[in-house]
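Just so it is clear, none of the values below were taken in a lab; they were calculated from the coordinates. None of these values were measured; they are calculated from a predicted model. Backbone-built Cβ (ideal geometry, glycine too); neighbour counts: all protein chains shown.
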Amino acid sequence: MSYKEALQHTIFKIISKSAKELQLDTYVIGGFVRDYILKRGTHKDIDIVAIGSGIKLAKQVSKNLPNDPKVQVFKTYGTAMLKFEDLEIEFVGARKESYSEDSRNPIVENGSLEDDQNRRDFTINALALSLGENDFGELLDPFNGVADLKNKIIRTPLNPDITYSDDPLRMLRAIRFATQLGFEIEKESLNAITRNNERIKIITKERIVTELNKILESEQPSVGFILLEKTGLLKHILPELIALKGIDEVEGQRHKDNFYHTLEVVDNISKHTDNLWLRWAALLHDIGKAPTKKFSKKVGWTFHGHEFEGSKMVYHLFKRLKMPLNDKMKFVQKMVFMSSRPIVLAQDDITDSAVRRLVFDAGDYVDDLMTLCEADITTKNPKRFKKYHNNFKIVRKKIIEVEERDHVRNFQPPVSGEEIMKTFNLKPSREIGIIKEAIKEAILEGDIPNEFDAAYKLMIEKGEKLGLKKHEKR
Ligand code: ATP
């Protein structure tokens, strides 16, 4: 079968010509071919396999391209990369791999195209198109990868136990591809992942997180997390989520299964945002529920303080997974910490002051927080579902009204500490804090508007109550 039409970009003609000059059999392989057949749009990373030196081929291609683009050589891996237009093209010599127990880095020898296809993770990733002059565009599909693409199946070319044990990262890749593409992992493969799940321990945290992020960025991330749980991988990666699994019952009172609830929330939020960190917040918003869970006869199941506990856990989780401990983490912490605030609001009559406090505390992230809370509505009772959503609509409207009037988002006190010091001839002292706090509280409560004159007047009153005297020479 010929796929010439997949190779219309001039780059393929140039690679083909360069390969001919060096007398190397050469192929496009992997994601580019897969995504072409799936009509997923053009894959911008192109993998080229040469039967011989990939590095030499890359250099030859560069010579044949206008302005000789720089060839980046990775000697240890025997690969080379160059960029052309918006494409990143990676060159590698065909290889045969053998693995040892404790590492996912194989011993590598030169090999044939077949050896190279054997070392690929999945049949759908082992598809190759020839760049030879005489068979340009010819498909080489030794494992029926095209049939697996049609039937939406993830399958390893060789024995799955060996494939996954050799490089356990492939277990996560299988689940990631299943999630991204909406494919099923073939049963034997799924069983092999379950048998080998412990081996995930030899994979670096960074690589694990890359795959988790790709799962979270998919249309329906729950598919991936359910597979991670089913295969036993999740307990090694995110035990905090496993701790949310299950329903306890005491004296006829049950709480919901917070694991499946969480996955619903993640799917819900994914319909409304592509922000990876907001999706992480959805995934982690209830992790504090496991350590705070209590039952009492009077009130049944409670999770008091789970938001605070959860936000602390976010830090430990990010640290363990070597994720960035920066503003992204702080954002996730803030979302988790505040995750119940709008819900409480939406249950009662909504007062302006409660909305002002919410906007004040959430700052720029108030919209993200509302998106999270809306996603958190997973009740199966249609009446309640509608009621909560309507209430949130009201909260959103109020947020806009209150913000237009009072400007409390990124609140700057209308009277500064310096002004207070000058007015009462004070050195830095406790009183300044007390006065500032009183002004802020009065604004949030709605007792005074967020304006200088009103705040100044309150400052004088408050100062006098504290026994301070207005400095005459102002
Ligand atoms: P995407 O870009 O969507 O992640 P891709 O298939 O291009 O998809 P890459 O990680 O760029 O993914 O890998 C390129 C090719 O290299 C794959 O298609 C596969 O053939 C092979 N490959 C990548 N990682 C592995 C692995 N761990 N084991 C075996 N083969 C792999």
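Ignoring solvent entirely, what values of log10 I(q)/I(0) come out of the Debye formula for the range 367-474 at 0.11, 0.23 Å⁻¹ when each Cα is a single scatterer?
For the range 367-474, the Cα-only Debye profile gives -0.51, -1.17.
Using Cα centres only, tell me the gap between the range 210-257 and the range 82-116 in whole Å.
Using only Cα atoms to place each centre, the spacing works out to 34 Å.
Sum up the charges of everything whose Cβ sits under 15 Å from the Cβ of residue 312, counting Lys and Arg as +1 and Asp and Glu as -1, but leave residue 312 out.
On the way: positive: 289, 319, 320, 330, 334; negative: 240, 286, 307, 309.
Combined, the nearby Lys, Arg, Asp and Glu give +1.
Rounded to the nearest 0.05, what FRET efficiency do residue 23 and residue 194 have when you use their Cβ-Cβ distance and R0 = 60 Å?
On the way: r = 46 Å, r/R0 = 0.77.
With R0 = 60 Å, the Cβ-Cβ based efficiency is 0.80.
Between residue 8 and residue 97, what length comes free when the chain is fully extended (0.36 nm per residue of separation minus the Cα-Cα distance, one decimal in nm)? Could the numbers behind the result be given before it?
Values: separation 89, 0.36 × 89 = 32.04 nm, distance 3.21 nm.
The residue 8-residue 97 span can extend by a further 28.8 nm.
Okay, helix-only estimate at 222 nm for the chain: each DSSP H run of n ≥ 4 adds -39500 (n - 2.57), divide by all residues, round to 500 deg cm²/dmol; what do you get?
-15500 deg cm²/dmol, from helical runs alone.
Evaluate the charge dipole of the chain about its Cα centre and quote only its size in Debye, nearest 20, assuming +1 on the Cβ of each Lys and Arg and -1 on the Cβ of each Asp and Glu. Spell out each step's value before the answer.
Numbers: 77 positive and 73 negative charges, 246 e Å.
Computed about the Cα centre, the dipole is about 1180 debye.
Which of the peptides 293-301, 328-336, 386-394, 158-166 is most tightly packed, and how do the rest follow, going by the mean number of other Cβ atoms within 10 Å of each residue? Let's see the in-between values first.
On the way: 293-301: 11.6, 328-336: 20.7, 386-394: 15.0, 158-166: 19.0.
Ranked from most to least packed, the peptides come out as 328-336, 158-166, 386-394, 293-301.
Quick one: net charge of residue 105's neighbours, Cβ under 11 Å, K/R +1, D/E -1?
Numbers: positive: 104; negative: 97, 102, 166, 167.
Surrounding charge for residue 105 is -3.
Report P(r) for the range 7-53: all Cα-Cα distances, bin width 10 Å, range 0 to the bin holding the largest distance, values in whole percent.
Percent of pairs per bin, in order: 26, 52, 20, 2.
Write down, largest first, the equivalent ellipsoid semi-axes of the chain in whole Å, where each equals the square root of 5 times an eigenvalue of the alpha-carbon gyration tensor. Walk me through the numbers on the way to the answer.
Numbers: eigenvalues 638, 170, 80 Å².
For the chain, the ellipsoid semi-axes come out as 57, 29, 20 Å.
Any idea what the alpha-carbon Rg over 2.2 N^0.38 Å comes to for the range 47-119? All intermediate terms of the calculation are to be shown ahead of the outcome.
On the way: Rg = 13.5 Å, N = 73, 2.2 N^0.38 = 11.2 Å.
For the range 47-119, the normalised Cα radius of gyration is 1.20.
For the range 1-81, place one equal point scatterer on every Cα, skip the solvent, and apply the Debye formula. What is log10 of I(q)/I(0) at q = 0.11, 0.12, 0.15 Å⁻¹?
-0.29, -0.35, -0.55
Calculate the length of the line joining the C-alpha centroid of the range 1-59 to that of the range 150-188, in whole Å.
Going from one Cα centre to the other spans 24 Å.
For the range 273-316 and the range 381-422, what is the separation of their C-alpha centers, rounded to whole Å?
Between the Cα centres of the range 273-316 and the range 381-422 lies a distance of 24 Å.
Considering the convex hull of the alpha carbon atoms of the range 201-245, report its projected area averaged over all viewing directions, in nm², one decimal. Let's see the in-between values first.
Numbers: hull surface 12.6 nm².
Directional mean of the projected Cα hull area for the range 201-245 stands at 3.1 nm².
Out of every Cα pair in the range 242-359, what percent are spaced more than 25 Å from each other? Intermediate values should be presented prior to the final figure.
On the way: 2008 of 6903 pairs.
Roughly 29 percent, once rounded to a whole number.
Take the Cα gyration tensor of the range 295-356, multiply each eigenvalue by 5, square-root it, and list the three semi-axes largest first, rounded to whole angstrom. Each step should come with its number before you reach the end.
On the way: eigenvalues 152, 74, 7 Å².
Its equivalent ellipsoid spans semi-axes of 28, 19, 6 Å.
Given Cβ point charges of +1 (Lys, Arg) and -1 (Asp, Glu) and nothing else, what value in debye, to the nearest 20, does the dipole of the range 146-190 about its Cα centre take? Don't jump to the answer; show the numbers that get you there.
On the way: 7 positive and 7 negative charges, 48 e Å.
Computed charge dipole of the range 146-190: roughly 220 debye.
Measure off 7 Å from each Cα along the Cα-to-Cβ vector at residue 430 and residue 39, then give the distance between these two points in nanometres to one decimal.
7.4
Between residue 322 and residue 412, how many nm apart are label points set 7 Å from Cα along the C-beta direction?
4.2
If you take the charge dipole of the range 395-439 about its Cα centre, with +1 on Lys and Arg Cβ and -1 on Asp and Glu Cβ, which of 423, 435, 402 is farthest toward its positive end?
402
Please report, in debye to the nearest 20, how large the charge dipole of the range 141-251 is about its Cα centre when each Lys and Arg carries +1 at its beta carbon and each Asp and Glu carries -1 there. List each step's numbers first, then the result.
Details: 16 positive and 18 negative charges, 70 e Å.
About 340 debye.
On C-alpha positions alone, give me the angle between the axis of helix 187-196 and the longest principal axis of the chain, in degrees, nearest 10.
Its long axis makes an angle of about 70 degrees.
Tell me, what is the Rg over Rh of the range 147-207, with Rh the Kirkwood radius over Cα pairs? Don't skip to the answer; put the middle values down first.
On the way: Rg = 11.3 Å, Rh = 11.7 Å.
Value, to two decimals: 0.97.
What fraction of the Cα pairs in the range 104-174, stated in percent, has a spacing above 21 angstrom?
Working: 751 of 2485 pairs.
Summing the P(r) of the range 104-174 above 21 Å gives 30 percent of all pairs.
Over all alpha-carbon pairs of the range 385-426, lay out the pair-distance distribution in 5 Å bins, whole %, shortest bin first.
Per 5 Å bin, starting at zero, the Cα-Cα P(r) for the range 385-426 comes out as 6, 19, 14, 12, 11, 11, 9, 7, 6, 4, 2, 0 percent.
Could you tell me which of rounded, prolate or oblate describes the range 167-318, using a ≥ b ≥ c as the square roots of the eigenvalues of the alpha-carbon gyration tensor, with rounded for a/c under 1.5 and, failing that, prolate when a/b is larger than b/c and oblate otherwise?
Working: a/c = 1.87, a/b = 1.64, b/c = 1.14.
Note, shape of the range 167-318 comes out prolate.
Quick one: go through the range 348-367 and flag any residue whose amide nitrogen is under 18 Å from the point 7 Å out along the Cα-to-Cβ line of residue 401.
Taking a point 7 Å out along Cα→Cβ of residue 401, the residues of the range 348-367 whose backbone N falls under 18 Å are 348-360.
For the pairs 289/397; 297/383; 230/330; 235/293, flag any whose C-alpha to C-alpha distance is greater than 22 Å. Mind dumping the intermediate values first?
Numbers: 289/397 30 Å; 297/383 28 Å; 230/330 31 Å; 235/293 20 Å.
Result: 289/397; 297/383; 230/330 exceed 22 Å.
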